[in-house]
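Derivation of every value follows stated rules applied to the coordinates shown; laboratory data play no part. Since the structure is predicted, the reported quantities are computational estimates derived from the model, not experimental observations. Virtual Cβ from ideal backbone geometry, glycine too; neighbours counted across all protein chains shown.
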Amino acid sequence: MKAFITGGGGFLGSAIARILVARGDDVVSYSRNRHAELEAIGVRCVQGDVADFDAVLAAMRGAEIVFHTAAKAGVWGPRHEYEHVNVDGTRAVMRAAVDTRVRGVVHTSSPSVCFDGNDHVLARNNLPHASRFLCDYPRTKAEAERVALLTNRANDVAVCALRPHLVFGPGDPHLLPRIVARARAGKLAIVGEGTNQVSLTYIENAAHAHVDAADRLDPHASHAGHAYFIAQEEPVVLWTWIASLLERLDIEPPHKRVSERTAYRAGALAESVWRLIGRRTEPPMTRFVALQLARTHTYDMTPAKRDFGYVERVNMADATARTIKALALQPIVAFSGGLGGTGAPASHERE
């Protein structure tokens, strides 16, 4: 298969690239930066802006399948940057896919497009988009998902969207390293009752889900035109899981508790102050992150298994063990900000 990956140097994009190369596929990565580690395994790297249609079109020519993973993630930053990368970038990629008549596009979306602040228990694909959004990331990703799925069957190009939730594992540049750094600094507190369940996604499973979807994607496939949640089949009690992970890293787990209401109000205040003084760095708390840390959000994998044969390769116990081993080998990083990585699917900037 000749594959084209936007954001190929990111946490998820590079994992997809490694799977494809290992099985003998021809891979082109398109991202802002050059990635020597991809070139070393045989990936052809093209640098460019994901919203530059002409550049994307030129780089995409000859591809059979497209993985659109590039995105600006995180919970804070200039609105125009989220619009440019997530919305304009998706429009450019989809237009190029139609013009080059690729077989299919697997668009990386996010469960945050449906997150309305309420508990979601074993949610399926019929969960609607939220009616309001607490930050620009989920708002622009919801628009990007709409753009992508509306492209389905244009010029016989099949499109599906995957929503991996809280991707973690070795190589994670933000999510767990932020939590570990904050815990080491004694700045981590349990938000809410501490009993909320959450589905996470091990990086290898997230990448394989994309490949599984791509391998079976054509205009008549069951998953063409639809969006799917992707996560571990086994949810975890979030704060119990975090405590266990920290203890195995010889780090004191959090004991202080902050109510959901207090955290939400603190987030609202921090956002107002940050906007007033024009700070670009992430606030220590935001409304979106407060609700993400306090609420239950778990997802049912039945639709993905049924419609495109998704198989979980690494169970939660093994995924956690592998991640702890990788974290133990990482250099200690000083705590330097908020927990926005907990609200993002993979990293603060996937490219």
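Quick look at the values:
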{"item": "Segments 226-235, 306-315, 248-257, 5-14 sorted - mean Cβ within 10 Å per residue, highest first", "result": "5-14, 226-235, 306-315, 248-257"}
{"item": "Full-extension gain in nm, MET1 to VAL121, via 0.36 nm per residue minus C-alpha separation", "result": "39.5 nm"}
{"item": "Charge context of ASN205, other residues only, Cβ under 11 angstrom, K/R +1, D/E -1", "result": "-4"}
{"item": "For peptides 285-295, 112-122, sequence by mean Cβ density within 10 Å, most packed first", "result": "285-295, 112-122"}
{"item": "Distance from the stretch 119-143 to the stretch 1-59 (C-alpha centre basis), Å", "result": "28"}
{"item": "Gain upon complete extension [ILE41, ASP250; 0.36 nm per residue less C-alpha separation]", "result": "71.7 nm"}
{"item": "Gain in span if fully extended, ILE277 to LYS325, counting 0.36 nm per residue against the direct Cα distance", "result": "13.2 nm"}
{"item": "The stretch 252-280-the stretch 163-225 distance, computed between alpha-carbon centres (Å)", "result": "23"}
{"item": "MRE, 222 nm, helices only [DSSP H, n ≥ 4, -39500 (n - 2.57), over the chain, to nearest 500]", "result": "-11500 deg cm²/dmol"}
{"item": "Relative contact order (%) - criterion: Cα under 8 Å, at least six apart; region: the chain", "result": "23"}
{"item": "DSSP H segments from the chain that extend 15 Å or more along their own axis, Cα-based, with Kyte-Doolittle mean of 0.5 or above", "result": "11-22, 238-248, 316-329"}
{"item": "DSSP-defined antiparallel bridges as percent of all bridges, the chain, nearest 5", "result": "10"}
